[in-house]
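A quick write-up on the structure given underneath.
The values are calculated or read from the model by the stated rules, or taken from the named source; none is laboratory data. These numbers were taken from a predicted model, which means no experiment stands behind them. Here the Cβ is made from the backbone with ideal geometry for all residues, glycine too, and neighbour counts use every protein chain on show. Just so you know, the surface numbers come from the protein's heavy atoms only, side chains and all, with ligands and any DNA or RNA stripped out. Shrake-Rupley method; radii C 1.70, N 1.55, O 1.52, S 1.80 Å.
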Amino acid sequence: MQTLTILRPDDMHLHVRSGAALRSVVPFSARQMKRAVIMPNLKPPVATVAQALAYKEEIINALPPNTLFTPLMTLYLTDKTMPDMVFDAAKNGIVAFKLYPAGATTNSDDGVTDLFRLHDTLQAMSDAGLPLLMHGEVVDNLVDIFDREAVFIEKIAKPLCEKYPDLRMVFEHITTQQAAEFVCQADDNIAASVTPQHLLMNRNHLLVGGVRPHHYCLPILKRETHRQALLQAVSGSLSHKFFLGTDSAPHAQNRKECACGCAGVFSAHAAIELYAEAFEEANALPKLQAFASQNGAKFYRLPENTDTITLIKQTQQVPDFYAFGEEKLVPLRAGETIAWRVVDE
Ligand code: DOR
Ligand code: ZN
């Protein structure tokens, strides 16, 4: 039986919602991960230190007894985020600001309308060493949904790097060869998170044989050549620039299976096992630990975790759904199997 023991991972991109939904999903992440960077796209958005600290408290209160799990809080960048808020955030342990171009995705209505008008704020982030986490898609209706990430690189990411050479940035949930190349060519203040779904699936998994709403997320799944480029990126010679960020984004079943389904894939129930499948496919299992447990911590200037988890190559059955407050949540691989499983301690 193949086994793999790695330092306990961190999830550097996680959505946990709030209220009963939050209480349903937080234990899944806390079982596998030591820390998680929590996304601020609630309604209303988490845009102040006070909101972030209250949100952190809510997450901690949802942890099962004796769980050591640390939420790393982020703030939602808006047109109104001022430089003093950046320094205040840094002082209060906020780990980053999240950029949602207005209208790009779930709860992004309060997002930034013109990033380059936030000059003083971006300069303050650069000075304070607080990373900018980018949802890297343009929202222009004339740009095809499959091209929105590549266009973002040319229109936003490259000019941003030129104007703020010291600004630390995470290109979140990258999905394209262009994004992987951009990150590889950039200095070490630029890194990227990669989701399990973008390593394991291409757009056929979304559209062939019927529309699969549970595979719909943003950025949308791309063609196979891009998936191959991502597998290459996380396993290649510049793999230290890429780290685990699930973008696990729970939505109730009825919000996914309807005429206008929400974007988001829920993967927190078996995140590390799904990544293990992807790394095994890329013949890169020896690199899983760095991706899952070291590269992200290093980028965020956090100590590495010291305890470990053990994976075994043994099929696990994924249920059709989990409880999600009063509703149902359909996880990635629902009703199917995953080739790896975490050994319970
Ligand atoms: O698919 C997505 N779901 N992409 C995002 O950027 C947001 C997320 C969510 O919050 O549901
Ligand atoms: Zn996200």
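Could you run through the stretch 8-34 and say how many residues are of a type in the set (Ser, Thr, Tyr) and either within 16 Å of ligand 2 (Cβ to nearest atom) or open to solvent by less than 10 Å² (accessible area, probe 1.4 Å) (or both)? Spell out how you get there, then give the answer.
Taking the stretch 8-34 as the starting set, the residues that turn out to be of a type in the set (Ser, Thr, Tyr) are 18, 24, 29.
Right, trim to either within 16 Å of ligand 2 (Cβ to nearest atom) or open to solvent by less than 10 Å² (accessible area, probe 1.4 Å) (or both) and you get 18, 29.
Residues flagged as of a type in the set (Ser, Thr, Tyr) and either within 16 Å of ligand 2 (Cβ to nearest atom) or open to solvent by less than 10 Å² (accessible area, probe 1.4 Å) (or both) within the stretch 8-34 amount to 2.
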Sole exception among (1) outside any loop (DSSP other than H, G, I, E, B); (2) closer than 20 Å to Met85 by Cα for Lys155, by number = (2)
If you take the residues in the stretch 90-111 that are crowded, with 22+ Cβ neighbours inside 10 Å and not in a loop (DSSP other than H, G, I, E, B), which one is nearest to ligand 2 (Cβ to nearest atom)?
-> Lys98
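One line per residue, one yes/no per condition, for (1) assigned to a helix (DSSP H, G or I); (2) touching a strand residue (DSSP E or B) at 6+ places or on another chain (Cβ under 8 Å):
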| residue | (1), (2) |
| --- | --- |
| Ala179 | yes, yes |
| Phe182 | yes, yes |
| Asp188 | no, no |
| Ala192 | no, yes |
| Gln197 | yes, yes |
| His205 | yes, no |
| Val211 | no, no |
| His214 | yes, yes |
| Cys217 | no, yes |
Residues being more than 9 Å from Leu244 (Cα to Cα) and assigned to a helix (DSSP H, G or I) - total across the stretch 291-300 = 4
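One line per residue, one yes/no per condition, for (1) within 16 Å of ligand 1 (Cβ to nearest atom); (2) over 20 Å from Cys217 (Cβ atoms); (3) aliphatic (A, V, I, L, M):
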residue	(1), (2), (3)
Ala270	no, no, yes
Glu273	no, no, no
Ala278	no, no, yes
Ala284	no, yes, yes
Leu288	no, yes, yes
Thr308	no, yes, no
Gln314	no, yes, no
Condition check for Leu122: within 16 Å of ligand 2 (Cβ to nearest atom) and surrounded by 21 or more Cβ atoms within 10 Å (Cβ to Cβ) | no
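Please report, ordered by residue number, the helices (runs of 4 or more DSSP H) entirely within the stretch 224-288 with at least 1 residues that are out of contact with any Phe, Trp or Tyr (no Cβ under 8 Å at 6 or more places or on another chain) and open to solvent by less than 10 Å² (accessible area, probe 1.4 Å). It would help to see each step written out before you state the result.
Details: elements: 224-235, 253-256, 271-281.
Per the criteria, 224-235, 271-281.
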Over the stretch 253-273, the set of residues closer than 30 Å to Ile312 by Cα, within 16 Å of ligand 2 (Cβ to nearest atom) and among the hydrophobic types (A, V, I, L, M, F, W, C) is Val265, Phe266, Ala268, Ala271
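For (1) open to solvent by less than 10 Å² (accessible area, probe 1.4 Å); (2) over 19 Å from Met39 (Cβ atoms); (3) not hydrophobic (A, V, I, L, M, F, W, C), each residue gets a yes or a no:
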site: Val139; (1), (2), (3): no, no, no
site: Glu149; (1), (2), (3): yes, no, yes
site: Glu154; (1), (2), (3): no, yes, yes
site: Asp166; (1), (2), (3): no, yes, yes
site: His173; (1), (2), (3): yes, no, yes
site: Ile190; (1), (2), (3): yes, yes, no
site: Met201; (1), (2), (3): no, yes, no
site: Pro213; (1), (2), (3): no, yes, yes
site: Pro219; (1), (2), (3): yes, no, yes
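Does the stretch 106-113 contain any residue that is over 23 Å from Met85 (Cβ atoms) and among the polar types (S, T, N, Q)?
Yes: the stretch 106-113 contains one or more residues that are over 23 Å from Met85 (Cβ atoms) and among the polar types (S, T, N, Q).
What is the residue count in the stretch 319-339 for residues that are free of Cβ contacts under 8 Å to residues at least 60 places away in the same chain and touching a His at 6+ places or on another chain (Cβ under 7 Å)? Working first, answer last.
Quick first cut of the stretch 319-339, residues free of Cβ contacts under 8 Å to residues at least 60 places away in the same chain only: 319-320, 335-337.
Now drop any that are not touching a His at 6+ places or on another chain (Cβ under 7 Å), which leaves none.
Of the residues in the stretch 319-339, 0 are free of Cβ contacts under 8 Å to residues at least 60 places away in the same chain and touching a His at 6+ places or on another chain (Cβ under 7 Å).
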Here the residues within the stretch 88-129 that are at pLDDT 95 or above, away from ligand 1 (no atom under 13 Å from the Cβ) and closer than 30 Å to Gly261 by Cβ are Ala96, Phe97
Do we have Phe87 as under 30 Å from Glu280 (Cα atoms) and part of a helix (DSSP H, G or I) here?
-> no
